[in-house]
Structures are given as C-alpha cells and as structure tokens.
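Here is the structure we will look at, set down as structure tokens.
The values are calculated or read from the model by the stated rules, or taken from the named source; none is laboratory data. Only a predicted model underlies this, so the values are computations on that prediction, with no experimental measurement involved. Here Cβ is always computed from backbone atoms with ideal geometry, including for glycine, and neighbour counts include all displayed protein chains.
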Amino acid sequence: MSDQEREWHEAERELKKPGERPDPSLKITRRTFLHKSLVAGAVSGAATYGWFPLINTLTMAYGAEAPFSFAWISDTHLYPKNVNTRFVEKATRAVKEVQAMKPPADFLIFGGDLAQLGDPVELRLGNDILKEITIKKHFIPGEHDWYLDMGKTWVSLFGNSPWTFEHKGVTFIGIDTVSRAPDYWSATKMSPKERMGHMAVLDGSVAGPWAGVGSDQLQWLSKTLSPIAKNRPIVIFSHNPLYEYYPPWNFWVRDWRQVHEILKPYQNVTNIHGHTHQVLYNEIGTMRSIGMLATSWPWPYAPQGVPVLTKPMIRVNPGDIFDGVGWGKMTVKPPKVEHEYMMWRPAVYAEAEVDSGTGDNDNQRLSPRVADQMWPYK
Ligand SMILES: [Fe+2]
Ligand SMILES: [Fe+2]
C-alpha cells in the first residue's frame with residue numbers, strides 16, 4: 001500500500017466511522033410534486049412559470065421549539081445593468097418569491113456571489129434588489145464580492161462575518177470561506193481587476209487554493225460552539241462546501257478537516273452552502289451538507305467525486321435562462337425541517353449519469369490531496 005493510500009484509509013477511518021450517519025431519526029425522503037407559484041404574475045413573463053416545481057424535499061429531524069421557515073438566495077452574479085440584465089431578472093424573481101412567502105419566512109440568508117466582478121456598482125445594485133425583501137437578512141460573502149476591493153464595499157454594505165444567532169431553538173452560524181486567499185497578486189503587480197479576474201474562474205490555476213476558513217475563524221467557531229449542548233440543532237452557512245469536492249476546481253474549503261474536528265462532537269449539524277450552483281447532498285459523520293441553487297446559472301457536475309448521496313439534476317436547457325436555477329426554502333416543523341429547492345424547472349432528476357454529467361460516481365474517498373498541502377493556514 002502506498003503512503004497516499006494509507007493516508008486515504010486513515011482519513012476514511014477517522015471521518016467516516018462505520019454506520020455513523022446524521023441522527024438516526026433523520027430520514028431523507030424525496031418527493032416531487034407541483035405547487036402553485038408564490039407569485040404568479042408578479043414578474044414579467046410569469047404566465048409561463050405560474051407553477052413551479054417543488055423538488056427534493058429533505059426531511060430532517062430537529063428539536064426546534066416552534067415552527068418557522070427561512071429562505072436562501074445566493075450566487076446572483078449581477079453585472080451592471082448596462083452590461084447584462086439577464087441575471088438581474090432572475091435575482092429579482094427570487095426576491096419577489098421570497099417576499100411573497102406565506103407565511104413569511106423568519107429571515108433570509110444571502111449566501112454570497114451577489115456581484116460578478118466585485119464592482120461596487122454590482123454590489124449596490126444587489127443591495128437595492130434585496131431591499132425589496134423586508135424580513136431580516138443575514139449575509140456571507142462570495143469570492144466574486146470580495147477580490148476587486150478586498151471586501152471594502154461588501155463589508156460597508158452587509159457587515160462582517162463570521163456571525164451567530166439563536167432562533168427558536170436552533171443555533172445559526174455564518175462563516176466567511178472566501179476572503180483568505182493567499183496573496184498571488186502582489187509579486188506580479190496585478191491590478192485589482194486582474195486579481196478579481198483570477199477569482200472568477202472555476203479552475204483557478206493562478207489564484208490557487210483560495211477557499212478556506214482560516215485559523216482565526218476556526219478558533220472563533222470552536223469558542224462559539226463550546227457552551228452549546230452537543231445535541232442542539234446547528235445550521236452553519238458557508239459560501240463553499242465544507243468538504244473536499246473535486247480538487248481541480250475551486251469548489252471547497254481546504255481546511256475542511258479542521259472544521260470537522262470542531263463540529264464532530266455535535267450530533268445535529270447541517271451545512272448549507274452556495275458556490276457550486278447545483279443540487280448537491282453529502283454526509284460526513286453526523287453532519288449533512290446541502291448545496292443550494294444559484295439564481296444565475298448552474299455549474300456542471302465535477303467529472304469525479306460527486307457525493308454518492310447526491311441525486312443529480314439533469315442537464316439544463318441552454319435556451320431557457322430560468323432552467324436549473326432558483327432559490328431555497330427551509331421549513332422547520334418540529335421535529336422536521338423540510339428543505340425545498342425552489343427550482344424553476346419541471347423535471348429535475350437525471351435517471352443516468354449521461355443525463356446529468358456527473359461522471360464517475362465511484363470516486364468518493366475523503367482524501368488528503370496535493371491541493372490540501374498548499375493551504376498555508378494550518
Ligand atoms: Fe457563484
Ligand atoms: Fe462562489
């Protein structure tokens with residue numbers, strides 16, 4: 001057995017204990033049915049999508065005190081209006097639908113990538129669009145929001161991360177997984193626009209392994225969780241997924257194993273993340289991760305390493321800008337939380353890999369890889 005294989009096995013043994021799953025009462029059920037649009041007629045062209053599908057209802061057990069729901073919007077990737085209004089249209093549609101929820105959601109999480117190129121014009125446009133939502137809003141940044149001015153406009157508009165709050169028996173946590181990219185720009189004297197340009201691509205060969213939590217936030221997380229009962233429901237929001245997902249793409253946080261070390265003692269943790277722009281579901285130990293839809297565009301699935309528990313969505317129709325995108329809604333009805341992908345498309349699940357582009361579904365190992373070793377903040 002090679003050293004690398006030995007490391008793989010060790011990581012597997014440590015993080016995926018036999019039979020260990022999220023709380024045994026947590027059953028995932030998948031239901032596909034139609035329900036009436038929340039805002040039929042509220043946006044232009046609504047006649048064609050007056051009904052939208054409710055898909056992939058994850059039924060999860062929580063010990064929350066009272067029923068409530070919350071909504072998630074992310075990855076709007078807005079351009080200035082004079083460049084492109086397609087993404088504005090889709091963000092506006094999601095915002096109208098969230099605002100029209102009956103009963104209203106208790107709060108909205110905006111999960112990052114509001115802007116496309118971090119332009120203050122884009123961020124202010126996003127702020128204006130989101131103002132239509134009058135419930136409480138909580139924000140975590142995406143890399144597209146950050147690397148033009150290193151978060152200056154983002155923080156001035158939406159405040160700092162990480163943050164935490166308690167709500168009806170659930171602990172909610174938002175972390176920043178995007179702002180700690182190692183400095184690849186100074187030595188080559190890149191302009192802010194060039195720097196941002198390298199963050200706006202999927203493989204990121206120049207930007208390197210930028211996504212991570214960083215030692216200061218790991219410490220903060222550990223301290224924040226320490227007084228919390230081990231069986232309390234915890235929902236942790238991050239822009240990037242908190243597990244390794246296809247190293248050649250910048251999908252995931254490099255210090256995810258340290259995050260798991262901290263979260264491992266807690267029995268009821270759900271990570272909700274953006275950035276991957278696709279239906280994605282994973283479990284590691286007792287923690288589950290749910291990947292949310294973008295409003296802007298769906299990314300293809302990685303050619304390998306798609307979590308086996310994911311039921312992939314089919315390839316989208318490139319002629320329909322509302323296909324494969326949407327927002328998310330969680331309804332907490334003790335002891336269940338229903339997660340709904342509010343996707344603007346009627347048929348969502350692929351029957352075969354060839355329909356979804358998920359490639360090799362057999363490569364599911366939790367493995368320390370070269371990319372891990374490049375993360376400088378241990
Ligand atoms: Fe994104
Ligand atoms: Fe992103």
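Odds and ends about this structure:
- Members of the range 140-186 that are more than 16 Å from ligand 2 (Cβ to nearest atom), of a type outside the set (Phe, Trp, Tyr) and closer than 25 Å to VAL332 by Cβ: GLY159, PRO162, THR164, GLU166, HIS167, LYS168, GLY169, VAL170, THR171, ILE173
- Of residues in the range 228-242 being within 16 Å of ligand 2 (Cβ to nearest atom) and touching a Phe, Trp or Tyr at 6+ places or on another chain (Cβ under 8 Å), the one farthest from ALA350 (Cα to Cα): PHE237
- Among (1) away from ligand 2 (no atom under 13 Å from the Cβ); (2) buried (at least 21 other Cβ atoms within 10 Å of the Cβ); (3) of a type in the set (A, V, I, L, M, F, W, C); (4) at pLDDT below 90 - the single one PHE251 does not satisfy: (1)
- VAL39 being modelled with pLDDT under 50, over 24 Å from the mean Cα position of the chain (by Cα) and assigned to a loop (DSSP other than H, G, I, E, B): yes
- Where strands (runs of 3 or more DSSP E) fall wholly inside the range 251-340, the ranges with 3 or more residues that are within 16 Å of ligand 1 (Cβ to nearest atom) are 326-333.
- Flag if THR224 is surrounded by fewer than 20 Cβ atoms within 10 Å (Cβ to Cβ) and more than 26 Å from LYS137 (Cα to Cα): no
- Qualifying residue in the range 305-321 (condition: among the hydroxyl-bearing types (Ser, Thr, Tyr) and modelled with pLDDT of 85 or more): no
- The residues of the range 258-279 that are surrounded by 20 or more Cβ atoms within 10 Å (Cβ to Cβ) and either among the basic types (Lys, Arg) or under 11 Å from the mean Cα position of the chain (by Cα) (or both), listed by number, are ASN271, ILE272, HIS273, GLY274, HIS275, THR276, HIS277, GLN278, VAL279.
- Restricting the first member to the range 142-163 and to residues that are more than 23 Å from GLN219 (Cβ to Cβ) and without any contact (Cβ under 8 Å) to a residue 60 or more places away in the chain, and the second to residues that are more than 16 Å from ligand 1 (Cβ to nearest atom) and assigned to a helix (DSSP H, G or I), the beta-carbon pairs closer than 7 Å and six or more apart or on different chains are TYR147/ARG195; LEU148/PRO192; LEU148/LYS193; ASP149/PRO192; THR153/PRO120; LEU157/ASN127.
- Residue check for ASP145: within 13 Å of ligand 1 (Cβ to nearest atom) and under 22 Å from ASN271 (Cα atoms): yes
- The sole residue among GLU338, GLU353 that is touching a Leu at 6+ places or on another chain (Cβ under 8 Å), surrounded by fewer than 20 Cβ atoms within 10 Å (Cβ to Cβ), more than 30 Å from LEU218 (Cβ to Cβ) and modelled with pLDDT under 75 is GLU338.
- The lone exception for VAL213 - which of (1) surrounded by 21 or more Cβ atoms within 10 Å (Cβ to Cβ); (2) touching a residue at least 60 places away in the same chain (Cβ under 8 Å); (3) among the hydrophobic types (A, V, I, L, M, F, W, C); (4) within 27 Å of TRP297 (Cα to Cα) it fails: (2)
- Among (1) in contact with a helix residue (DSSP H, G or I) (Cβ under 9 Å, 6 or more places away or on another chain); (2) buried (at least 19 other Cβ atoms within 10 Å of the Cβ); (3) within 19 Å of SER74 (Cβ to Cβ) - the single one ILE321 does not satisfy: (2)
- Within the range 99-137, tally of residues that are farther than 24 Å from PRO162 by Cα and assigned to a helix (DSSP H, G or I): 2
- Meets criteria (crowded, with 16+ Cβ neighbours inside 10 Å, more than 16 Å from ligand 1 (Cβ to nearest atom) and of a type in the set (Gly, Ala, Ser)) for SER156: no
- Residue in the range 77-87 that is under 20 Å from ASN240 (Cβ atoms) and buried (at least 24 other Cβ atoms within 10 Å of the Cβ) present: yes
- Filter result (in a loop (DSSP other than H, G, I, E, B) and within 16 Å of ligand 1 (Cβ to nearest atom)) within the range 185-239: ALA200, VAL201, LEU202, ASP203, GLY204, ALA207, TRP210, ALA211, HIS239
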